[in-house]
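Everything below concerns the one structure shown next.
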Amino acid sequence: MSAPAPAAVVEPDVFDFYNVRSLLTEDERQIQDAVARFVDEKVIPIIGDAFDAHRFPKELVPEIAALGLLGCNIDGYDCAGLNHVCYGLVCQELERGDSGVRSFVSVQGSLCMYPILTYGSEEQRQRFLPGMARGEIIGCFGLTEPDGGSDPGNMKTHAVKDGGDWVINGAKMWITNGTIADVAIVWAMTDDGVRGFLVEKDMPGYTTRDILKKFSLRASITSELFFDNVRVPEENLLPNVRGLKGPLGCLTQARYGITWGAIGAAIACYREVLEYAKVRELFGRPLSHTQTIQRRLADMSRRITTAQLLSLQLGRMKDEGTMHPSQVSMAKWNNVRAAMDIARDARDMLGGSGISVEFCPIRHMLNLESVITYEGTETIHELIVGSQLCGKHAF
Ligand code: TGC
Ligand code: FAD
């Protein structure tokens, strides 16, 4: 018997060196392509100006909703019911445009729709989820407080039962979408531990204010929330969760999406600098023909490939129900750090042009300063992995 003919060797794609795309199903590839088209046609042409003007491009929300991207990995309630790998690919493509656009989708889906679905009553799900999927109801997630976001168990915002209502006092800080949100998922301490409340925008005593003059995530809204004796009816309490595991469970969903999103930001920077290095001539040859530039580009490709494989395996584990939060921490830490280093290096390789908003690396680089801080700082994720290895919290 003759040996089977060997498969033909395939030249690696410079943007997908290990052909990770071949590990996706046809449906997953189609979703990725549809979102990529939207980002190329609608996000990238406007995002530099939006970032420059410190403006969230809210006009994109109806199209994002029409594409089915809000709560896209939720089944039912007019949501798309995609798997978690698809949700990851959606985050990757959106963040290739801008972290602020991905942030909007993360907060709406993973931080607001997820807790209503998982911890809410059937009445709350029916009331909010379809409108949130259509982008008609916008949500925000209030966990962080001025006194220390890494340690939410020490929150000062509290809720006290008064007859049939709860009365909330306190403040939240650094809240994405805060001033445009119709409903805030607010986590507050009660006599019974941490509970989640649906605070609606017109409830007396509830006010919001934008945090202005940011150097990062300028195309995203970041706000403060204030609660001055806000009276919330019992039907706005999330009935099915008590304790810090409620908000931390939401963070696991959003952090998972961020592991993919960071890859998108890295790819955008790498793609732009690779093209630039081929056409920029210095010392009588293209920049891409020098050893140092090739090493730096090779390093970018290596780190993007590693991140892609990490997130895809994480997504497969999430889809089969075996993913552990500490595995999400390792990928968030690895992928955001890789994206940050790639954005900074790409900025440098563009020379003076690298400081212009006309090129994307400096915008991604500045955005990633938020991405590495929010949803758990890099240190917190290192310590979560360390705690899993050593069996002891060292926070
Ligand atoms: P700890 O004792 O470890 O845990 C308390 C309870 O929660 C459970 N748990 C989790 N459950 C689900 N997912 C996770 N990731 C979980 N982590 C812990 C845990 O099993 C326990 O359950 P139980 O049943 O025993 O009560 O809590 P700790 O107080 O020691 O804190 C641990 C620590 C430091 C890891 C946690 O506080 C933390 O993750 N801190 C970082 C906070 C953070 O990430 N904040 C993000 C705010 S939201 C945001 O940034 C949005 S940005 C949005 C955007 O624009 O994209
Ligand atoms: P701190 O907790 O004060 O941390 C300060 C420094 O101390 C960090 O370097 C940290 O790594 C380090 N540190 C903390 N603990 C330890 C330790 N035990 N050992 C060693 N070092 C430690 N929050 C929300 O609830 N909802 C949102 O929608 C939201 N959106 C955000 C959007 C943006 C643009 C930003 C920047 C933040 C957002 N956040 C949001 C808040 C974010 O989650 C917090 O900023 C983050 O969790 C860190 O908290 P902190 O800013 O209070 O920093």
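Details
- Summed over region 22-43, the residues that are within 16 Å of V105 (Cα to Cα) and of a type in the set (D, E, K, R) give a count of 1.
- R316 meets each of the listed conditions (1) away from ligand 2 (no atom under 16 Å from the Cβ); (2) under 28 Å from A50 (Cα atoms); (3) open to solvent by 60 Å² or more (accessible area, probe 1.4 Å) apart from (2).
- The single residue among L212, L198 that is among the hydrophobic types (A, V, I, L, M, F, W, C) and in contact with a helix residue (DSSP H, G or I) (Cβ under 9 Å, 6 or more places away or on another chain) turns out to be L198.
- Candidates E375, E369, E382 - the one that is at positive phi, within 21 Å of the chain's Cα centre (by Cα), outside the structural domain of L143 (by TED's automatic domain parsing) and within 16 Å of ligand 1 (Cβ to nearest atom): E375
- Hits in region 156-183 (condition: in contact with an Asp or Glu (Cβ under 8 Å, 6 or more places away or on another chain), within 12 Å of ligand 2 (Cβ to nearest atom) and open to solvent by less than 20 Å² (accessible area, probe 1.4 Å)): T157, K172, I175, G178
- Those residues of region 136-149 which are at pLDDT 95 or above, loosely packed, with under 14 Cβ neighbours inside 10 Å and within 10 Å of ligand 2 (Cβ to nearest atom), in sequence order: P146
- Given (1) surrounded by 15 or more Cβ atoms within 10 Å (Cβ to Cβ); (2) aromatic (F, W, Y); (3) at negative phi, index of the condition Y77 fails: (3)
- Selection within region 366-377: residues that are in a helix (DSSP H, G or I) and open to solvent by 40 Å² or more (accessible area, probe 1.4 Å). The member of this set that is farthest from A268 (Cα to Cα) is E369.
- Looking across region 338-386 at every residue that is among the hydroxyl-bearing types (S, T, Y) and more than 11 Å from ligand 2 (Cβ to nearest atom), the one that is farthest from S220 (Cα to Cα) is identified as S353.
- Matching residues, region 215-235, being surrounded by 17 or more Cβ atoms within 10 Å (Cβ to Cβ), farther than 13 Å from F141 by Cβ and not hydrophobic (A, V, I, L, M, F, W, C): S216, R218, S220, E224
- At least 2 residues being without any contact (Cβ under 8 Å) to a residue 60 or more places away in the chain, touching a helix residue (DSSP H, G or I) at 6+ places or on another chain (Cβ under 7 Å) and not aromatic (F, W, Y) is the threshold, and among the helices (runs of 4 or more DSSP H) wholly inside region 26-75 those reaching it are 26-38.
The values are calculated or read from the model by the stated rules, or taken from the named source; none is laboratory data. Treat the numbers as computed from the prediction; the structure is a model and nothing was measured. Cβ: placed from backbone, ideal geometry, glycine included. Neighbour counts: every protein chain shown. The accessibility values were calculated without ligands, DNA or RNA, using every heavy atom of the protein model including side chains. Shrake-Rupley method; radii C 1.70, N 1.55, O 1.52, S 1.80 Å.
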